[in-house]
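What follows is a single structure, written as structure tokens, with notes after it.
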Amino acid sequence: MRDIIKTAAELLTVLRNKKPLVHNITNYVTVNDCANIILAVGASPIMADDLGEAADITAISSALVLNIGTLNRRTLESMLASGKKANLLGIPVIFDPVGAGASALRNEATKTILTEIKVGVLRGNMSEISHIAGLGSNTKGVDASEEDIAAGDALAIAVSVSKKLRCVTAITGATDIITDGNRIAAVSNGHKMLSGVTGTGCMTTALIGAYCGAGEDAYTAAVAGIASMGLAGELAYEAAGGKGTGSFHVAIIDAISRLDEKILLERARIHEK
Amino acid sequence: MRDIIKTAAELLTVLRNKKPLVHNITNYVTVNDCANIILAVGASPIMADDLGEAADITAISSALVLNIGTLNRRTLESMLASGKKANLLGIPVIFDPVGAGASALRNEATKTILTEIKVGVLRGNMSEISHIAGLGSNTKGVDASEEDIAAGDALAIAVSVSKKLRCVTAITGATDIITDGNRIAAVSNGHKMLSGVTGTGCMTTALIGAYCGAGEDAYTAAVAGIASMGLAGELAYEAAGGKGTGSFHVAIIDAISRLDEKILLERARIHEK
Amino acid sequence: MRDIIKTAAELLTVLRNKKPLVHNITNYVTVNDCANIILAVGASPIMADDLGEAADITAISSALVLNIGTLNRRTLESMLASGKKANLLGIPVIFDPVGAGASALRNEATKTILTEIKVGVLRGNMSEISHIAGLGSNTKGVDASEEDIAAGDALAIAVSVSKKLRCVTAITGATDIITDGNRIAAVSNGHKMLSGVTGTGCMTTALIGAYCGAGEDAYTAAVAGIASMGLAGELAYEAAGGKGTGSFHVAIIDAISRLDEKILLERARIHEK
């Protein structure tokens, strides 16, 4: 399908012209990489997590990225305040439920965020999104009892979550699935070495935030962010994979900073269904 | 002007012999880079932000760097306690008002720090220092109404702030301006790619902290820190700029770790006015 | 001594097959490197420091690493809760008393952790472990008054601490000493450039955590972690030392990601006494 690839590729150029400010309330493990990848793709990052200013910073931004990788109560309050401000102002919210399913605190925080905030894009791995798919039931963690959610069926889970939450849902894995409930894209870019670097999921979410800040359509933004990261993994492997995961990590940022419409058009592998 | 270049270059050698301990209360986005650049230039970093020890750590350090990049109330208190201890003991305080002007919290924190602590060096970009230049008035954010502050006039703003706060003021940009109110230096080293990496401003401030820990004259320390960073940008671009911003980022640290008097004498472009 | 080298080298293969989850409550300066080095050696990192989930995360992990590099009261409570849970479940606790001796807060925290938690491996530099060796007395900081602790006598200090705390104690330096009170190993791998990168101590502790998560014997795990890091320093210097400390830093992660039994067998320099 050329259309979605072309649309995604063009969004990169729009992004670089607009240089949107992207507010991140995120974890302290991968925050430097998130800031640098947002700069590399052509947007401008700002990290601010104190309740005293979080909503103010959101108000001057073009997108808000929430990531619960090192969740704590102080920043959760800031996430809620920023998310509500974003909803009020029509600023897209991108949510990365890191580790949803792994602890009661993360499960509750995820539920609270999804209940109190209208999320534009939800991005996680199979385990995290599966957990969210089961949130409506009484169980905690992944709920395999709901009939429509078969283990491994990323597409069904993503569509189900998108319809329930009225958002774009992305499940990243060997093949990435992105859907808004109607449109469905599968991205097959990527490299297995990406799992050897911490924060490649967080960085993908940050990229989606940057693309969301550039254009109106959250589905296209999610596809563009995920394809960009997958392609960066391939390019980084070609450039530095043989040296090890440290050099590969650096080369991911390099690849995003050198990405352009032409590379995306030539190498993005996106199929709509 | 050879004098300031020679003085700055010699300070690097003094620094490497003294290995000053530099206490940083800073943001969690760029803290790893700040620690590594302090090591690379030859000093020793320590990060401690709990109120229960911040002032104690300051007391054993040769310089204190305060950076409000991810300001929160908990660490603001620690900054004030450390700053007061530093003032009491004659330890230089270097202040980076990241994002001053962008939120009420940052504006208030900036005002509080500048009111309660005698800062030795203030380093920021044009927007941040312009905001501070207007702090005396009733407006928040950049105050363009004061007659003596014309937009774009970095030199006038820096001199004005230095005289008001009795500190060295540095405005970094395409050309960096450093002044203590009397002496004025312009540094034209640097590379535009530096703006593609997060924390190059924070790292510059950290370097100033290291140089302040090595010598008595805060003006020379600020010039040396800023020239070192600008030169590192040039050297990093030569070494790795073509690869992308990830490799460029790594090469900045490389360049600082290999910097010496000779390179500074040959390539620093510092003009006193 | 071939036996300990062979045992340590084989533990790497066990680790890579098991991929243990390693819970880290650590500092925000070097946390990204700790996560990446845990991935590079073949384990899986998780960072969670909120009291609301810390013990829950520990309960699903194979090892718990506590590091007080940017100690604060909030995370100290989480360390204690996690440590107690780990003790209850027989999960090994690895403790890095960063800066013990440097402030009253760190001294008290160190004492509290060592009193309330059964630590499996304690790793620090000479200054930190010497401080702990003197904790039983009334003095703060290094206690040189105890007869059996002569300055510079790392071996005697390590054995003394191991016997007192019934744990494996590792003092890293030019030569690293590891002991469980009975067995004693000296590791002479390493490179002086390691001290030019922040967090190489934290990363060593993280590696010990990964090895502890893979096998039963904490002494072997500590030896394997320390030898791996020392060897990585040598390999990183060979690969990138000439470029500077930024590239060397990246090459440390590269080296760990490419480490295998064969390299350890050929190049580890471990002597048992």
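The values are calculated or read from the model by the stated rules, or taken from the named source; none is laboratory data. These numbers come from a predicted model, not from an experiment. FYI the Cβ positions are ideal-geometry reconstructions off the backbone, even for glycines, and counts take in every protein chain you see.
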(request) Give just the number: which of (1) within 15 Å of C:Thr112 (Cβ to Cβ); (2) touching a helix residue (DSSP H, G or I) at 6+ places or on another chain (Cβ under 7 Å) does C:Thr75 not satisfy? (result) (2)
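Surrounded by fewer than 24 Cβ atoms within 10 Å (Cβ to Cβ) and either modelled with pLDDT of 95 or more or outside any loop (DSSP other than H, G, I, E, B) (or both): does that describe A:Asp3?
Numbers: surrounded by fewer than 24 Cβ atoms within 10 Å (Cβ to Cβ): yes; either modelled with pLDDT of 95 or more or outside any loop (DSSP other than H, G, I, E, B) (or both): yes.
Against the criterion (surrounded by fewer than 24 Cβ atoms within 10 Å (Cβ to Cβ) and either modelled with pLDDT of 95 or more or outside any loop (DSSP other than H, G, I, E, B) (or both)), A:Asp3 qualifies.
Looking for something among the aliphatic types (A, V, I, L, M), within 14 Å of chain B (Cβ to nearest Cβ) and under 15 Å from C:Cys202 (Cβ atoms) - is there at least one such residue anywhere in the stretch C:55-66?
no
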(message) Take C:Ala102 and tell me if it is over 28 Å from A:Arg74 (Cα atoms) and at the interface with another protein chain (Cβ under 9 Å from one of its Cβ atoms).
(response) yes
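Which of the residues that make up the stretch A:103-122 are in contact with a strand residue (DSSP E or B) (Cβ under 8 Å, 6 or more places away or on another chain) and either small (Gly, Ala, Ser) or over 22 Å from A:Ile177 (Cβ atoms) (or both)?
Once the filter is applied, which keeps residues that are in contact with a strand residue (DSSP E or B) (Cβ under 8 Å, 6 or more places away or on another chain) and either small (Gly, Ala, Ser) or over 22 Å from A:Ile177 (Cβ atoms) (or both), the stretch A:103-122 yields A:Ile117, A:Gly120.
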(request) Considering every residue within the stretch A:36-52, establish whether at least one is at pLDDT 95 or above, more than 8 Å from every other protein chain (Cβ to nearest Cβ) and on the phi > 0 side of the Ramachandran plot. (result) yes
(request) Inspect the stretch C:73-80 for any residue being surrounded by fewer than 22 Cβ atoms within 10 Å (Cβ to Cβ) and at pLDDT below 95 and give the result as yes or no. (result) yes
(request) Out of the residues in the stretch A:102-134 that are charged (D, E, K, R) and in a helix (DSSP H, G or I), state the one that is surrounded by the fewest Cβ atoms within 10 Å (Cβ to Cβ). (result) A:Glu116
(request) Just one of (1) within 12 Å of chain B (Cβ to nearest Cβ); (2) basic (Lys, Arg); (3) under 25 Å from C:Ala48 (Cβ atoms) trips up A:Arg73, so point out which. (result) (1)
(message) Being touching a residue at least 24 places away in the same chain (Cβ under 8 Å), small (Gly, Ala, Ser) and not in a helix (DSSP H, G or I) is true for just one of A:Gly83, A:Gly52, A:Gly99. Which residue is that?
(response) A:Gly99
(message) Condition check: modelled with pLDDT under 95, among the β-branched types (Val, Ile, Thr), within 29 Å of B:Glu116 (Cα to Cα) and touching a Gly at 6+ places or on another chain (Cβ under 7 Å). Does B:Val142 satisfy that?
(response) yes
(request) Tell me which residues, restricted to the stretch A:3-41, are hydroxyl-bearing (Ser, Thr, Tyr) and within 14 Å of the chain's Cα centre (by Cα). (result) A:Thr26, A:Thr30
(request) Looking for whichever is small (Gly, Ala, Ser) and under 19 Å from A:Ile68 (Cα atoms) here; the options are C:Ala40, C:Ala81, C:Ala48, C:Ala109. Which one fits? (result) C:Ala48
(request) Take the residues in the stretch B:234-245 that are surrounded by 24 or more Cβ atoms within 10 Å (Cβ to Cβ) and within 22 Å of B:Thr172 (Cα to Cα), then tell me which one is nearest to the other protein chains (Cβ to nearest Cβ). (result) B:Thr245
(request) Could you grab me the full set of residues in the stretch A:206-223 that are under 12 Å from A:Ile5 (Cα atoms) and touching a Leu at 6+ places or on another chain (Cβ under 8 Å)? (result) A:Thr220, A:Ala221
(request) Select from the stretch B:155-193 the residues that are part of a strand (DSSP E or B) and among the polar types (S, T, N, Q) and list them in ascending order. (result) B:Thr169, B:Thr172, B:Thr179
(message) Please pick out the residue among A:Leu21, A:Leu11 that is more than 9 Å from chain B (Cβ to nearest Cβ) and crowded, with 22+ Cβ neighbours inside 10 Å.
(response) A:Leu11
(request) Please go through the stretch B:40-59 and pick out each residue that is of a type in the set (A, V, I, L, M) and surrounded by fewer than 24 Cβ atoms within 10 Å (Cβ to Cβ). (result) B:Ile46, B:Leu51, B:Ala55, B:Ala59
(request) Please tell me if B:Gly90 is crowded, with 17+ Cβ neighbours inside 10 Å and at pLDDT 95 or above. (result) no
(message) I'd like the full set of residues that are farther than 30 Å from A:Ala40 by Cα, of a type in the set (A, V, I, L, M, F, W, C) and crowded, with 20+ Cβ neighbours inside 10 Å, limited to the stretch B:166-222.
(response) B:Cys167, B:Val168, B:Ala185, B:Cys212, B:Ala214, B:Ala218, B:Ala221
(request) Mind counting the residues in the stretch B:246-273 that are within 14 Å of chain A (Cβ to nearest Cβ) and outside any helix (DSSP H, G or I)? (result) 0
(request) Could you figure out which of (1) within 24 Å of A:Arg73 (Cβ to Cβ); (2) touching a Leu at 6+ places or on another chain (Cβ under 7 Å); (3) at the interface with chain A (Cβ under 10 Å from one of its Cβ atoms) isn't true of C:Ala86? (result) (3)
